[in-house]
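Written out below as structure tokens is the structure these notes cover.
The values are calculated or read from the model by the stated rules, or taken from the named source; none is laboratory data. Just so we're clear, the structure is a prediction, and the values are computed from it rather than from any experiment. Here the Cβ positions follow ideal geometry from the backbone for every residue, glycine too, while neighbour counts run over all protein chains shown.
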């Protein structure tokens, strides 16, 4: 129960968990000040004394605990492990960062979605961390850990995006079970674009293209007459491949008829400006992700995995790009969150304390015109 006389002050920090500004002082000890949040009714502490360098950033970037301990003068890796854990627990949830800091109008509405499976104790198989990247800004709008990659998981992901007022136009993704059904439920007017590279690779695998030349002519003809022609010639190209290359082979016929049935999902990118036909952008994120996860054999619990992955996403959103090329080279030296943040948004106190300073407002609209 709140004590009488506690009315809060304008200069009080926002709550690191819900980012509410309705916080009040809740005691102190030395340089450590404690606060109570009226929003989520939780307490948190902020040390206003001399700050040690934030270790969670180095940890997420891949520096081992023992090396961090040696660099910062700790006696062993355990002290660093505990300090990193405390810092990660203080980080706000990625979804709350988007909701409180980002301007929904700065997102392009073209969303690239994929999942990375991680090993967590208590689960027999790896479970998916599914995240969504806004294509033109490269910002990770939302990401979360789920027990399984199914329609329920995608529905929860899309519902979060809906709550963010994200103006979703089209989703670019692999052919994931349950994704389109979930998309139609939450965003009935949005469209799906299947990654062309993955779709063609699945055909290569089904026909054993890489180890046998039996269906090379069929596959090359399919790519030439269907996937590399203008939209008004796709149907004609499908008919050509069906009658000229399939013969009586049921397997080849099924491939062509399936493409015909899924024609909209395979060629929606032609109807949306700036929409990619592949999810290569998120594959590059996945490669960085995979390199970082090599040293983590397994997370101890679902909660610890979710918190670590949340820290990883925040790090990616607040770290400047360095290797963007071609039409995205103007993003270099800028962080993804810098491209979507509101002009007058206040940088969360928690991120300041933990070593992420405020970035400058970047007028992204000038770059994409």
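With respect to the numbered conditions (1) at pLDDT below 95; (2) over 23 Å from residue 317 (Cβ atoms), which one is the sole condition not fulfilled by residue 164?
(2)
Of the residues 206, 163, which single one is in the same structural domain as residue 113 (by TED's automatic domain parsing) and either in contact (Cβ under 8 Å) with a residue 12 or more places away in the chain or on the phi < 0 side of the Ramachandran plot (or both)?
Working: 206 fails: in the same structural domain as residue 113 (by TED's automatic domain parsing).
Exactly one of 206, 163 is in the same structural domain as residue 113 (by TED's automatic domain parsing) and either in contact (Cβ under 8 Å) with a residue 12 or more places away in the chain or on the phi < 0 side of the Ramachandran plot (or both), namely 163.
Where residues in segment 323-345 are assigned to a helix (DSSP H, G or I) and in contact (Cβ under 8 Å) with a residue 60 or more places away in the chain, which of them is surrounded by the fewest Cβ atoms within 10 Å (Cβ to Cβ)?
Result: 328.
Can you list the helices (runs of 4 or more DSSP H) lying wholly within segment 245-321 that have 1 or more residues being under 30 Å from residue 217 (Cβ atoms) and in contact with a strand residue (DSSP E or B) (Cβ under 6 Å, 6 or more places away or on another chain)?
263-267
Quick test of your reading of the structure: residue 172 fulfils all but one of (1) at pLDDT 95 or above; (2) in contact with a helix residue (DSSP H, G or I) (Cβ under 7 Å, 6 or more places away or on another chain); (3) within 17 Å of residue 275 (Cβ to Cβ). Name the failing condition by number.
(2)
Sort out which residues of segment 177-209 are in a loop (DSSP other than H, G, I, E, B) and touching a helix residue (DSSP H, G or I) at 6+ places or on another chain (Cβ under 7 Å), and write them in order of number.
Restricting attention to segment 177-209, the residues satisfying the condition of being in a loop (DSSP other than H, G, I, E, B) are 177-178, 187-190, 195, 208-209.
Hits for segment 177-209 are 178, 187, 190, 209.
Is it the case that segment 150-158 has a residue that's touching a residue at least 40 places away in the same chain (Cβ under 8 Å) and not in a helix (DSSP H, G or I)?
No - not one qualifying residue is present in segment 150-158.
Pairs, please: C-beta under 9 Å, at least 6 apart or cross-chain, first residue in the same structural domain as residue 261 (by TED's automatic domain parsing) and closer than 15 Å to residue 160 by Cβ and in segment 177-197, second modelled with pLDDT of 95 or more and part of a helix (DSSP H, G or I)?
Sorted first by the residue in segment 177-197, then by its partner, the list stays empty.
Over 34 Å from the mean Cα position of the chain (by Cα) and at pLDDT below 95: does that describe residue 213?
So residue 213 passes the test.
One line per residue, one yes/no per condition, for (1) touching a strand residue (DSSP E or B) at 6+ places or on another chain (Cβ under 8 Å); (2) surrounded by fewer than 23 Cβ atoms within 10 Å (Cβ to Cβ):
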| residue | (1), (2) |
| --- | --- |
| 102 | yes, no |
| 117 | yes, yes |
| 144 | yes, yes |
| 148 | yes, yes |
| 162 | no, yes |
| 179 | yes, no |
| 186 | no, yes |
| 191 | yes, yes |
| 194 | yes, no |
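Quick test for you: out of 111, 82, 55, pick the one residue that is touching a residue at least 40 places away in the same chain (Cβ under 8 Å) and under 20 Å from residue 310 (Cα atoms).
Going through 111, 82, 55 in turn, just one is touching a residue at least 40 places away in the same chain (Cβ under 8 Å) and under 20 Å from residue 310 (Cα atoms): 111.
Of 55, 82, which residue is surrounded by fewer than 19 Cβ atoms within 10 Å (Cβ to Cβ) and either assigned by TED's automatic domain parsing to the domain that holds residue 163 or farther than 17 Å from residue 139 by Cβ (or both)? Lay out the reasoning, then the answer.
Details: 55 fails: surrounded by fewer than 19 Cβ atoms within 10 Å (Cβ to Cβ).
One residue alone meets the criteria, 82.
Return the only residue of 264, 228 being at negative phi and without any contact (Cβ under 8 Å) to a residue 60 or more places away in the chain.
Result: 228 is the single residue among 264, 228 that is at negative phi and without any contact (Cβ under 8 Å) to a residue 60 or more places away in the chain.
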